[in-house]
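Take a look at the structure set out below.
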4 protein chains.
Amino acid sequence: MEKNVSFKRKISSRAIRGSALLPIRGFKLGPGTTAEELLAAYSSIGFQASHLGKAAEVVKRMQDGKATIFLAFTSNMVSCGLREIIAQLCERKLVHAIITSTGSIEEDVMKCSAPFVLGSFTADDIEVKANGMNRIGNIFVKDEQYADFEKLHLAFMEEMHAKHKGKMCMSEYVKELGARLTDKNSFLYWCSRNSIPVFLPGPLDGAMGDHFYFFNKSHAKQPFVIDAAEEVRRFYDIMLLADSTAGIILGGGIAKHHLIGAAILRNGLDYAVYLSTGTEGDGSLSGARPREAVSWNKLKREEDSAFVEGDATLTFPLLVLSMVSREK
Amino acid sequence: MEKNVSFKRKISSRAIRGSALLPIRGFKLGPGTTAEELLAAYSSIGFQASHLGKAAEVVKRMQDGKATIFLAFTSNMVSCGLREIIAQLCERKLVHAIITSTGSIEEDVMKCSAPFVLGSFTADDIEVKANGMNRIGNIFVKDEQYADFEKLHLAFMEEMHAKHKGKMCMSEYVKELGARLTDKNSFLYWCSRNSIPVFLPGPLDGAMGDHFYFFNKSHAKQPFVIDAAEEVRRFYDIMLLADSTAGIILGGGIAKHHLIGAAILRNGLDYAVYLSTGTEGDGSLSGARPREAVSWNKLKREEDSAFVEGDATLTFPLLVLSMVSREK
Amino acid sequence: MEKNVSFKRKISSRAIRGSALLPIRGFKLGPGTTAEELLAAYSSIGFQASHLGKAAEVVKRMQDGKATIFLAFTSNMVSCGLREIIAQLCERKLVHAIITSTGSIEEDVMKCSAPFVLGSFTADDIEVKANGMNRIGNIFVKDEQYADFEKLHLAFMEEMHAKHKGKMCMSEYVKELGARLTDKNSFLYWCSRNSIPVFLPGPLDGAMGDHFYFFNKSHAKQPFVIDAAEEVRRFYDIMLLADSTAGIILGGGIAKHHLIGAAILRNGLDYAVYLSTGTEGDGSLSGARPREAVSWNKLKREEDSAFVEGDATLTFPLLVLSMVSREK
Amino acid sequence: MEKNVSFKRKISSRAIRGSALLPIRGFKLGPGTTAEELLAAYSSIGFQASHLGKAAEVVKRMQDGKATIFLAFTSNMVSCGLREIIAQLCERKLVHAIITSTGSIEEDVMKCSAPFVLGSFTADDIEVKANGMNRIGNIFVKDEQYADFEKLHLAFMEEMHAKHKGKMCMSEYVKELGARLTDKNSFLYWCSRNSIPVFLPGPLDGAMGDHFYFFNKSHAKQPFVIDAAEEVRRFYDIMLLADSTAGIILGGGIAKHHLIGAAILRNGLDYAVYLSTGTEGDGSLSGARPREAVSWNKLKREEDSAFVEGDATLTFPLLVLSMVSREK
């Protein structure tokens, strides 16, 4: 008894006749090949290389179409060296709004003082801890970087609490925070200066959550209110007023969902590029392909999207080089 | 030039001498094998089956140790049939607090009226949409289920806005919502009745975010404030006051991070079981193993944890059967 | 410029109308639930649980249809406790031919003398080696088990070389080997006794390759010839003469490919179940789904197949219990 | 009862003191960045980008150390555009022996006449078939390309059967085949001309297996014998006589295992780079990291290895550019 017969695919063979399919082939190797040349060659290699080539095409359409580009990413993108690459996108105003998680804020600020360092995925974690460090994949961050951040952040929180009379939303809070930074490698530095809003749909997760907890324990009379509804208002206003919209999405989680979920209200993003290691088979939003987004009105047309399966550290630098190469 | 020499592992060969390692072997097949027998046999099969066997052992320790058990999960766990299994855990008070995302709330409520249905991962998404449905992996949900939820939720929001004078935190909001449900297959139904708090670190994501957006557009004078700081206060109070703590974590994302991140303040969870498809190599929190949590003080000892790689729909039912089988 | 327009899916909406889609729902928990009950419930859970439920259905069709069932697996399935489960399938004659790799032969024989043991994926491999062991995921095997196998195998090779005048194919060789075993937990033991041929498309890989190398170095005058063409003849004869054919495929690699590739000559398998962790996105045969096999005539109809994503140690025992439960 | 205590890692904290860990940071974007510059920058990005940077370092050591470089790959690497990149490595004699599967031979020969084309992973496979094509991930190959190959191959087989008196090993056979090709984009063309042996541990899998089956059916008196033992002799002679050895391994399967397995006889490869999507958690050889190879004496030291998780189409072109850039 086979009940799930739904939506079988049936295709007219017209589809193939007359269409000129792209031949698969490698490219001529040579020292001095530029990254743009490499990426151009990727389209005809097949598998994920072709997906990356397609992603570059879709990003070009976003830029040519003057779409409002939303960049969504998980915080590990800031833990690694993509932080400085994101910062350059913000400096050049090549993206127009950011959706991310609190970890990205914390780590961007911490890195203004000292870098994280390269470790190993298979380090002994007891030993990592014994050395006053914490592990994020193959990256180590020191306890004292968290302690320094806490100090800085508690003072900032006090200042904000007073200035904003104990009530803010997170994009407002983060904008004030970025304005106080001086590191040009910080994406928050550039977002504040270039009026690129940074939205946090999970507003008080992680260390910042800890700080708010203790702050409010000691300010019981006038606790600091962080208004999630106001955050939604500001994000949706941009989403709904844009002429056309595009998403570049690194990883999964709430940043990805918040972006594409909001796009339903305007019948979907016009363009989307996902760079992700997520797997489809568990039905997670993190692993869902652009195809699935079409069923939801999260994305208008699958043709205007690309999914590149793989760690974004391998693929995002190439994609950003293609964006930058189009600047005159 | 090999700079990342850090934390090399060096082991005394004492470790192996004298220890009695468990032999790998299968088990005797027979009709009528119970799920508990099967799970017991899994420990000696190796690979992920052994991890699932270990997970059952760790869950037993949680229960024997009377730990406060936090259940964290992504919303696809409610999209699928794990919803009713989670509901039974809540009915039996086998978990003590929940951390999840807004999608879980929306879908649990929707399912009180009508089920989702089994589709296919490879359905044509244009056709899915054309039939008034939306796809979550191989599960379909109808547009009208969202429309019905919106109607129900807008009325509820209006009621809450009045009753709570326009300011709430999400666990409070969700408790009120659950109290109005009548479906015993709903986990919110049982959480409200059994005082199991449901925390939403990403408070207004998804459809509920949409509803708040429009509600506040039409209530500009007294917008509904959703206080994320108050939510943190309530969650951390439980985390910090518990005698001992345990996490059962399905999937990744903010639910996972919020749980293990908060545990840092008490030097880590005492027990943790992760059921996940996440991959370690991208440095994501979603893919991070319990090992990594040890470096952060998110988990006390790796020995009291298990990671089972694989879709939770395959493994969680077995694990829950083992929890239930220990009830007298 | 979008060249790869090929084979777009277009579906009549008739597909959905009138069809009764299976509702998604969990099941009632209780101690004493049998594994068969559990598996029956899996169909309506969604995601991979539904795929496992489907796999059980397809296996039932194989059995009801009296198909010739080919079991293909990688050697790690023998490293772990699935070895004894495979042996029970062979004892009960529930499978009719096996395609695997040489590692499976080596390890099945070794385990007749002593078990492998449960270790850990994150063991220090230098230390594992220093303790005279080797690691297969989280399973350890001793050097001396290889040394014992070498001794046994060299004597056997000498005997076969004489008996078969220096020329054999591997399925013949393995049949003789199995006939000399006395461990009823060995699948080779049962294959030899029950005339279930074991085909090795990669005939002299691994330790057995080493042994043949040294044997032939010292028998330069009459080297032992292992004829791969004769192996193909024997395997294809079975494939082509069967009334109907089915594949149960654990993992990927050459065992999988050899089975489904040969099926092209009869326009495809009638039934196929894949249990695998393979990923589709790299275009590998190991990760290819049954769907892809349809384009090649490796499989007749996608409807008569299932793909369960996940480690086979989690899923194969359940599937085999369902096969066994149907024996009267 | 926790039996699997084996081989716990314990590290002196000396390891961290005094060592200068590499800072994590991105790099300056600019049009005209060469692929070598990009790859150099990858080392300090973290996650898989750092692994790719490390892979380039290890390949440099292979080249500087004048190691005998074995290139192992699965046949999908030839299906895609990596074929031409491999051909250029062979033309430049940058690799010294190849281990692969029969599919690589078949497809390299087919592509001498006509390219494969770019399709889509989600094409309707019934329609692909109806259009006389077959799908390999997102690559399509025509039935007629297989028919043409069959014609060519049957004639070649007849010729070889006569010339070699009905008995050969596959590397010998493939060398003769490559010598008859005229396409400079073929890796077999260059292997034959540059005396780079191509070993096939799974000698008669796939279409070539079919052809041998039918050939021998019609040559029952003097069947064509393909000697797997002779193949092993030739491969092991190179492995054992080399001064130092290195492996570059794309994907998993028998090609990977055959290479690293044979290396045990010389206490392991001196250098190894794996580019793979394989997952460790299922205990498969395909997913095993270089770390595991150390326990087996398949690899001398983990320090001289790298594992880059991801589809090789994304990473191998960059790695090869780094190899080529070092030629004067």
Scan segment D:67-83 and give yes if some residue there is more than 30 Å from D:P203 (Cβ to Cβ) and more than 7 Å from chain A (Cβ to nearest Cβ), otherwise no. no
Subset of segment D:197-214 (residues that are buried (at least 23 other Cβ atoms within 10 Å of the Cβ) and in a loop (DSSP other than H, G, I, E, B)): D:L200, D:P201, D:G202, D:P203, D:L204, D:D205
So which residues in segment D:183-220 are of a type in the set (S, T, Y) and touching a helix residue (DSSP H, G or I) at 6+ places or on another chain (Cβ under 7 Å)? D:S186, D:Y189, D:S192, D:Y213
Any residue in segment C:288-300 that's acidic (D, E): show its pairings with residues that are in a strand (DSSP E or B) at Cβ separation under 6 Å, as long as the two are six or more apart or on different chains. C:E292/D:R135
Is segment D:87-108 home to any residue that is within 7 Å of another protein chain (Cβ to nearest Cβ), modelled with pLDDT of 95 or more, more than 20 Å from A:G310 (Cα to Cα) and more than 18 Å from the chain's Cα centre (by Cα)? no
Given B:L94, B:L154, which one is touching a residue at least 60 places away in the same chain (Cβ under 8 Å) and touching a His at 6+ places or on another chain (Cβ under 7 Å)? B:L154
Provide a single number: the residues in segment A:240-264 that are within 10 Å of another protein chain (Cβ to nearest Cβ) and not aliphatic (A, V, I, L, M). 7
Checking the condition of a type in the set (S, T, N, Q), over 14 Å from A:F70 (Cα atoms) and at the interface with another protein chain (Cβ under 10 Å from one of its Cβ atoms), which residue from A:N185, A:N267, A:N194 passes? A:N185
Could we say that C:N131 is within 12 Å of chain D (Cβ to nearest Cβ), among the polar types (S, T, N, Q) and touching a strand residue (DSSP E or B) at 6+ places or on another chain (Cβ under 7 Å) here? no
Exactly one condition in (1) closer than 30 Å to C:I139 by Cβ; (2) under 15 Å from the mean Cα position of the chain (by Cα) is false for B:V78; which is it? (1)
Working carefully through the options D:A272, D:A306, find the one that is more than 8 Å from chain C (Cβ to nearest Cβ), of a type in the set (A, V, I, L, M) and closer than 27 Å to C:T102 by Cβ. D:A272
Which pairs turn up if I take residues in segment D:120-149 that are on the phi > 0 side of the Ramachandran plot and look for partners that are among the acidic types (D, E) with beta carbon separation below 6 Å, at least 6 apart in sequence or on another chain? D:G132/D:D143
Could you please let me know if A:Y189 is more than 19 Å from A:T74 (Cβ to Cβ), touching a residue at least 40 places away in the same chain (Cβ under 8 Å) and surrounded by 20 or more Cβ atoms within 10 Å (Cβ to Cβ)? yes
Regarding segment B:114-128, can at least one residue be identified that is modelled with pLDDT of 95 or more and within 30 Å of B:S244 (Cβ to Cβ)? no
Checking A:L118 against (1) farther than 19 Å from B:A293 by Cα; (2) within 7 Å of another protein chain (Cβ to nearest Cβ), which test does it fail? (1)
Quick check on segment C:143-158. Is at least one of its residues aliphatic (A, V, I, L, M) and in contact with a Ser or Thr (Cβ under 6 Å, 6 or more places away or on another chain)? no
Hey, could you check segment A:31-57 for residues that are surrounded by fewer than 21 Cβ atoms within 10 Å (Cβ to Cβ) and either without any contact (Cβ under 8 Å) to a residue 24 or more places away in the chain or within 28 Å of A:A262 (Cβ to Cβ) (or both) and say which is nearest to the other protein chains (Cβ to nearest Cβ)? A:P31
Top-ranked residue of segment B:215-239 - restricted to ones that are surrounded by fewer than 17 Cβ atoms within 10 Å (Cβ to Cβ) and at the interface with another protein chain (Cβ under 9 Å from one of its Cβ atoms), ranked as nearest to B:F70 (Cα to Cα): B:D237
Within segment D:279-292, which residues are more than 8 Å from chain C (Cβ to nearest Cβ) and buried (at least 24 other Cβ atoms within 10 Å of the Cβ)? D:P290
Take the residues in segment D:21-39 that are among the hydrophobic types (A, V, I, L, M, F, W, C) and modelled with pLDDT of 90 or more, then tell me which one is nearest to A:D108 (Cα to Cα). D:I24
Keeping to segment D:301-328, report how many residues are of a type in the set (K, R) and either in a strand (DSSP E or B) or in contact with a strand residue (DSSP E or B) (Cβ under 7 Å, 6 or more places away or on another chain) (or both). 0
Of these, D:E280, D:E230, which one is modelled with pLDDT of 95 or more, among the charged types (D, E, K, R) and touching a Cys at 6+ places or on another chain (Cβ under 9 Å)? D:E230
Could you run through segment B:271-297 and say how many residues are within 16 Å of the chain's Cα centre (by Cα) and in a helix (DSSP H, G or I)? 1
Could you list, ordered by first residue, the pairs with Cβ atoms under 7 Å in which the first is in segment D:60-76 and on the phi > 0 side of the Ramachandran plot and touching a residue at least 12 places away in the same chain (Cβ under 8 Å) and the second is surrounded by 24 or more Cβ atoms within 10 Å (Cβ to Cβ) and basic (K, R), at least 6 apart or interchain? none
Please find, within segment A:275-287, the residue that is farthest from B:T100 (Cα to Cα) out of those that are without any contact (Cβ under 8 Å) to a residue 12 or more places away in the chain and small (G, A, S). A:G281
Criterion: touching a Gly at 6+ places or on another chain (Cβ under 6 Å) and more than 30 Å from A:S276 (Cβ to Cβ) - qualifying residue of D:F224, D:F215: D:F224
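The values are calculated or read from the model by the stated rules, or taken from the named source; none is laboratory data. Since the model is a prediction, treat every value here as computed from it, not as a measurement. Cβ coordinates were reconstructed from backbone atoms using ideal geometry, including for glycine residues, and neighbour counts include every protein chain displayed.
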